[in-house]
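Visitor: Here you go, one structure.
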There are 2 protein chains.
Amino acid sequence: MPFRHVVMFQWADDVDENHVDGVRAALDNLPEQISQVRQYVHGSDVGVAEGNFDYVLVADFDTVDDWRTYRDHPAHQLFIAEHIVGKIKQRAAVQYQTPGTRDAMDVAQDQLAKYLAELDDDIS
Amino acid sequence: MPFRHVVMFQWADDVDENHVDGVRAALDNLPEQISQVRQYVHGSDVGVAEGNFDYVLVADFDTVDDWRTYRDHPAHQLFIAEHIVGKIKQRAAVQYQTPGTRDAMDVAQDQLAKYLAELDDDIS
């Protein structure tokens, strides 16, 4: 059953727009380094409601174990150490099971990717 | 540009599983009543991490105005009055812009081109 990790941050008072740009760029790079990530949609709060958190990430995985692999992955741990630790006032997170929201085309793509990877292994 | 609303709740101490089941059922019914909702994926935290919130909703809309229509819709307001007010300890929310979902066939073709290019690189 698909598994979703949602996390929100409130930045510390001394965090500036420059730091947030760095967070955004670093997050954009993570899925390429961690193959278990299926979808990764993050961004800054747009400021249309009072009392919100500042940043959110919604990350989708096939299974809870894929999420654990992501959580412990060195690239993710480095991201946390460089961009999150000491930079936030508050964090809020939920992990939950999601219905199979992926459509047939997504599944077909995954199968194609898998097939090509196997073909790749056979050639090399 | 697509617009996403993410909200998390921590239930008050006297909220039981029965109430949460009612929340789940009521949320399942909202998209049918509010035509602006594009995707609506909600659920309880599964308990694999410490210090999490209890429930999360990720709701997708085409525009910020569609989200405003949803926010103010009588069915949504009734849901809040019946299931949320007085029932939560804490709330965390972010609204953000999400990249446009591209046509599935375009994505599949791009992916295929990428895989074939990589395969090509590996062979040469």
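Visitor: How about region B:50-72: which of its residues are open to solvent by less than 60 Å² (accessible area, probe 1.4 Å), over 20 Å from B:Ile88 (Cα atoms) and not β-branched (Val, Ile, Thr)?
Guide: B:Asp60, B:Phe61, B:Asp66, B:Trp67, B:Tyr70
Visitor: Go through (1) in contact with an Asp or Glu (Cβ under 6 Å, 6 or more places away or on another chain); (2) buried (at least 18 other Cβ atoms within 10 Å of the Cβ) and name the single condition B:Arg38 misses.
Guide: Here B:Arg38 clears every test but (2).
Visitor: If we scan region A:45-52, do we find a residue that is at pLDDT below 95 and within 19 Å of B:Val56 (Cβ to Cβ)? Outline the logic, then answer.
Guide: As a first pass, look at region A:45-52 and keep what is at pLDDT below 95: none.
Within region A:45-52 (the criterion being at pLDDT below 95 and within 19 Å of B:Val56 (Cβ to Cβ)), the answer is no, since none of the residues qualifies.
Visitor: If you don't mind, there's one more thing I want to ask. Sort out for me the helices (runs of 4 or more DSSP H) sitting completely within region B:1-94 that have 2 or more residues that are under 17 Å from the mean Cα position of the chain (by Cα) and free of Cβ contacts under 8 Å to residues at least 40 places away in the same chain.
Guide: On the way: elements: B:17-33, B:64-72, B:74-83.
Answer list for region B:1-94: B:17-33, B:64-72.
Visitor: Could you check region A:73-90 and list, in sequence order, the residues that are open to solvent by 60 Å² or more (accessible area, probe 1.4 Å), aliphatic (A, V, I, L, M) and closer than 17 Å to A:Asp28 by Cα?
Guide: Keep residues of region A:73-90 that are open to solvent by 60 Å² or more (accessible area, probe 1.4 Å), which gives A:74, A:77-78, A:81-82, A:85-87, A:89-90.
After this cut, where a residue has to be aliphatic (A, V, I, L, M) as well, the list is A:78, A:81, A:85.
A:Leu78, A:Ala81 - these are the residues of region A:73-90 that are open to solvent by 60 Å² or more (accessible area, probe 1.4 Å), aliphatic (A, V, I, L, M) and closer than 17 Å to A:Asp28 by Cα.
Visitor: Being out of contact with any His (no Cβ under 9 Å at 6 or more places or on another chain) and within 14 Å of chain A (Cβ to nearest Cβ), is that true of even one residue in region B:21-28?
Guide: The initial filter retains those residues of region B:21-28 that are out of contact with any His (no Cβ under 9 Å at 6 or more places or on another chain), namely B:21, B:25.
Right, trim to within 14 Å of chain A (Cβ to nearest Cβ) and you get none.
Within region B:21-28, none of the residues are out of contact with any His (no Cβ under 9 Å at 6 or more places or on another chain) and within 14 Å of chain A (Cβ to nearest Cβ).
Visitor: State yes or no: is B:Gly100 in a loop (DSSP other than H, G, I, E, B), modelled with pLDDT under 95 and farther than 30 Å from A:Asp120 by Cα? Talk me through it step by step, then tell me what you get.
Guide: Numbers: in a loop (DSSP other than H, G, I, E, B): yes; modelled with pLDDT under 95: yes; farther than 30 Å from A:Asp120 by Cα: yes.
Yes, satisfied.
The values are calculated or read from the model by the stated rules, or taken from the named source; none is laboratory data. Quantities reported herein were computed from a predicted structural model and do not represent experimental measurements. Backbone-built Cβ (ideal geometry, glycine too); neighbour counts: all protein chains shown. These accessible areas exclude ligands, DNA and RNA; they are computed on the full protein's heavy atoms, side chains included. Shrake-Rupley method; radii C 1.70, N 1.55, O 1.52, S 1.80 Å.
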